[in-house]
């Protein structure tokens, strides 16, 4: 008799636990669906704002995809980027002026070699090959060191033109030199590699197309 009562209690408790789990699961699913669209809109707005930061003179940005690009030049850029810990996102943006003319491109690039994890940047390259600017989408470096990338590194790239950039700890002199963040060489290297990938993308893949127009 006691075993029977224990069994009934066990099944009752299991049923209650299952019901609670089911209700919580349904609630979480509902909340996820409720917040998914607003979060996506916020992310889209963040990306659009970053585009405007890096190609400020643009009137509009059209999202495009590298997904179907199998050209040798593009694949070589991706390979070089990977060697430096940088990933080229499938999406990029074509920046146009009010007359509908292409004035630049914006690339979403991610380095996996930041000191505190991934660093995501939007890099804008104008059609004359110069940098329109660089904007941070995501970074989680050390406070007071790598987290100073936004105020120390990023402004140094704006409006500069070079085949590639290098960082220095002894004071930038040449046009392609960037002052490193003191005590944050890893962050400096990661950011520089990202920007160089953006420059490489434009020079290797897009510059020829622009010249042919």
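No lab work stands behind these numbers, since they all come straight from the coordinates. Owing to the predicted nature of the structure, the values given are computational and were not obtained by experimental measurement. Neighbour counts run over all protein chains shown; Cβ positions are idealised from the backbone, glycine included.
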Subject >> Which numbered condition residue 120 fails, given (1) within 26 Å of residue 73 (Cα to Cα); (2) touching a residue at least 40 places away in the same chain (Cβ under 8 Å) >> reply: (2)
Original post:
Do we find a residue being in a strand (DSSP E or B), without any contact (Cβ under 8 Å) to a residue 60 or more places away in the chain, surrounded by 15 or more Cβ atoms within 10 Å (Cβ to Cβ) and over 13 Å from the mean Cα position of the chain (by Cα) anywhere in segment 142-152?
Top reply: no
**OP:** With the checklist (1) over 20 Å from residue 200 (Cα atoms); (2) in contact (Cβ under 8 Å) with a residue 60 or more places away in the chain; (3) under 16 Å from the mean Cα position of the chain (by Cα) in hand, flag the one item residue 85 doesn't pass.
**Re:** (1)
**OP:** Report, by residue number, each residue of segment 153-185 that is over 21 Å from residue 122 (Cβ atoms) and part of a helix (DSSP H, G or I).
**Re:** 185
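Restricting to segment 114-138, name every residue that is closer than 19 Å to residue 180 by Cβ, surrounded by fewer than 21 Cβ atoms within 10 Å (Cβ to Cβ) and under 13 Å from the mean Cα position of the chain (by Cα).
136
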